[in-house]
């Protein structure tokens, strides 16, 4: 059976959005402010200048609806290249015998294989303009570390990456990518920082977590006046840069004359789903459009489905400002699941706020079910998805089957945020029946701010 002509919807390069969309301008109420961890009072942005480029700090707190994308970043987006295609999943629909229409934005065709360069290039650019010599960061699965390494090479910056130990060992290909682009990749927890050494003394085989790696990167930056910190998810300015995805999506849906009923993505720190859904969420808030937004997470790290909406640290050592977000607590021991990008104890304040206010909902899935869905997708659509992306694919398949049962022709759109070609060892474990499911470890919810 040949695919219909409209399987893929492309935009021209001159149709890349020229501004990022800031949903903070359209929220009915402002986000709860970051708090100083010492005083528990709202924190001014000035202390963040030591860690981030000043323009990024300004974007973090901005209430402007549109923020212009610099010409140099636009040129980098064209180089990736952007825009990315929107695909109709006809083969999957036929396999499921569903009346639902399934569309997915494909972010896995750039050199790093994920959505992460959309903010990596922007962050590297702003740091380069301010004279930063080196960037330090963390990475879970390695997608963010790869993206910042490439962006550092593009804009002439040195990059040091603290990679969660579980993924450092599971995904050597990601380490090689970073080093090929000239970055230094270090297993975390490491002996390079005081905090890392303290953890290794307790457990030399500590699998690490994103919270731990963030702490190490922050400690590394504070010891070097020429270095700045770069974050791949969670913060407002990161989600802002990623809205280039959702703005392209809106144009593509308009070309098809399609209005989505269900908007789906995975959440680790919140960057890919935020970037994908926030332009549409703005329409839901301002135009009262009836769309169901569904955030998919790992049942091993159920930060929004079992987490507490409260103030907590963004890192394990307790070095960051306090952020109001869904969290399992900074000391939550995240199991070494293969979806390394989802192994984070907390969630982006914007995504947390939207879930808490009922604008979107969240669901959690186990690792085995997720890989089963990923294999189904690969055998119908041809793309082997990243384990993170496979979480929303699991929901999409379930929703499409519900549509079949209820005879509903819903339009479902999701962000296929990266490929899984560097995760084939996990696929092999699944195919051999060796993949484990993980239950949450003991959760000690934070009670930092009354």
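The values are calculated or read from the model by the stated rules, or taken from the named source; none is laboratory data. Bear in mind the structure is a predicted one, so any value in this text is a computation, not a measurement. All Cβ positions, glycine included, derive from the backbone under ideal geometry; neighbour counts span all protein chains shown.
Starting from residues that are out of contact with any helix residue (DSSP H, G or I) (no Cβ under 8 Å at 6 or more places or on another chain) and not in a loop (DSSP other than H, G, I, E, B), keep the ones in segment 187-209 and report whichever is farthest from residue 312 (Cα to Cα).
201
Is it the case that some residue within segment 396-410 is closer than 21 Å to residue 268 by Cβ and under 19 Å from the mean Cα position of the chain (by Cα)?
Yes, segment 396-410 contains at least one residue that is closer than 21 Å to residue 268 by Cβ and under 19 Å from the mean Cα position of the chain (by Cα).
Hey, could you check segment 188-212 for residues that are closer than 20 Å to residue 171 by Cβ and touching a residue at least 60 places away in the same chain (Cβ under 8 Å) and say which is surrounded by the fewest Cβ atoms within 10 Å (Cβ to Cβ)?
207
If you take the residues of segment 428-449 that are surrounded by 18 or more Cβ atoms within 10 Å (Cβ to Cβ) and in contact with a helix residue (DSSP H, G or I) (Cβ under 7 Å, 6 or more places away or on another chain), which of them is modelled with the lowest pLDDT?
Ranking the qualifying residues of segment 428-449, first place goes to 435.
If you take the residues of segment 104-153 that are touching a strand residue (DSSP E or B) at 6+ places or on another chain (Cβ under 7 Å) and part of a loop (DSSP other than H, G, I, E, B), which of them is nearest to residue 342 (Cα to Cα)?
140
Read through the list (1) in contact (Cβ under 8 Å) with a residue 24 or more places away in the chain; (2) buried (at least 20 other Cβ atoms within 10 Å of the Cβ); (3) under 21 Å from the mean Cα position of the chain (by Cα); (4) at negative phi, then give the number of the only condition that residue 393 fails.
Failed condition: (1).
If we keep just the residues of segment 62-74 that are surrounded by 13 or more Cβ atoms within 10 Å (Cβ to Cβ) and assigned to a helix (DSSP H, G or I), which is farthest from the chain's Cα centre (by Cα)?
This residue is 72.
So, of the residues in segment 34-61 that are part of a loop (DSSP other than H, G, I, E, B) and in contact (Cβ under 8 Å) with a residue 60 or more places away in the chain, which turns out to be nearest to residue 130 (Cα to Cα)?
Of the residues in segment 34-61, the ones part of a loop (DSSP other than H, G, I, E, B) are 34, 36-41, 43-45, 51-53.
Subset that is in contact (Cβ under 8 Å) with a residue 60 or more places away in the chain: 34, 36-37, 40, 43, 51-53.
On the way: 34: 25, 36: 26, 37: 28, 40: 31, 43: 23, 51: 12, 52: 10, 53: 7 Å.
By that ranking, first place goes to 53.
If residue 282 meets every condition in (1) buried (at least 23 other Cβ atoms within 10 Å of the Cβ); (2) in contact with a strand residue (DSSP E or B) (Cβ under 8 Å, 6 or more places away or on another chain); (3) at pLDDT 95 or above; (4) on the phi < 0 side of the Ramachandran plot apart from one, which number is that one?
In the conditions (1) buried (at least 23 other Cβ atoms within 10 Å of the Cβ); (2) in contact with a strand residue (DSSP E or B) (Cβ under 8 Å, 6 or more places away or on another chain); (3) at pLDDT 95 or above; (4) on the phi < 0 side of the Ramachandran plot, residue 282 misses (1) alone.
In segment 387-437, how many are in contact with a strand residue (DSSP E or B) (Cβ under 8 Å, 6 or more places away or on another chain), in a loop (DSSP other than H, G, I, E, B) and within 21 Å of residue 336 (Cα to Cα)?
Qualifying residue count for the region: 2.
Identify all residues within segment 325-345 that are under 16 Å from residue 388 (Cα atoms) and touching a strand residue (DSSP E or B) at 6+ places or on another chain (Cβ under 7 Å); write none if there are none. Explain how you work it out, then say what you get.
Narrowing segment 325-345 to residues under 16 Å from residue 388 (Cα atoms): 334-345.
Within segment 325-345, 337, 339, 340, 342, 343, 345 qualify.
Here is a list of conditions, (1) outside any helix (DSSP H, G or I); (2) without any contact (Cβ under 8 Å) to a residue 24 or more places away in the chain, and residue 254 meets all of them except one; can you say which number that is?
Condition (1) is where residue 254 drops out.
Would a scan of segment 269-279 turn up a residue that is more than 25 Å from residue 139 (Cβ to Cβ) and surrounded by fewer than 24 Cβ atoms within 10 Å (Cβ to Cβ)?
Yes; the residues of segment 269-279 include at least one that is more than 25 Å from residue 139 (Cβ to Cβ) and surrounded by fewer than 24 Cβ atoms within 10 Å (Cβ to Cβ).
For residues that are free of Cβ contacts under 8 Å to residues at least 40 places away in the same chain and either touching a strand residue (DSSP E or B) at 6+ places or on another chain (Cβ under 6 Å) or more than 16 Å from residue 205 (Cβ to Cβ) (or both), tally how many sit in segment 169-186. Talk me through it step by step, then tell me what you get.
Residues of segment 169-186 free of Cβ contacts under 8 Å to residues at least 40 places away in the same chain: 169, 172, 175-176, 178-184, 186.
So of that shortlist, the ones also either touching a strand residue (DSSP E or B) at 6+ places or on another chain (Cβ under 6 Å) or more than 16 Å from residue 205 (Cβ to Cβ) (or both) come out as 172, 175-176, 178-184, 186.
Counting residues in segment 169-186 that are free of Cβ contacts under 8 Å to residues at least 40 places away in the same chain and either touching a strand residue (DSSP E or B) at 6+ places or on another chain (Cβ under 6 Å) or more than 16 Å from residue 205 (Cβ to Cβ) (or both) gives 11.
Quickly run through segment 258-268 and pick out the residues that are surrounded by 20 or more Cβ atoms within 10 Å (Cβ to Cβ) and part of a loop (DSSP other than H, G, I, E, B). Don't jump to the end; show me each part of the working.
To start, the set of residues in segment 258-268 that are surrounded by 20 or more Cβ atoms within 10 Å (Cβ to Cβ) comprises 260, 262-268.
Selection gives 260, 267, 268.
Based on what the data block shows, is residue 392 modelled with pLDDT of 95 or more and within 25 Å of residue 108 (Cα to Cα)? Step through it out loud before you land on a result.
Numbers: modelled with pLDDT of 95 or more: yes; within 25 Å of residue 108 (Cα to Cα): yes.
Yes: the conditions hold for residue 392.
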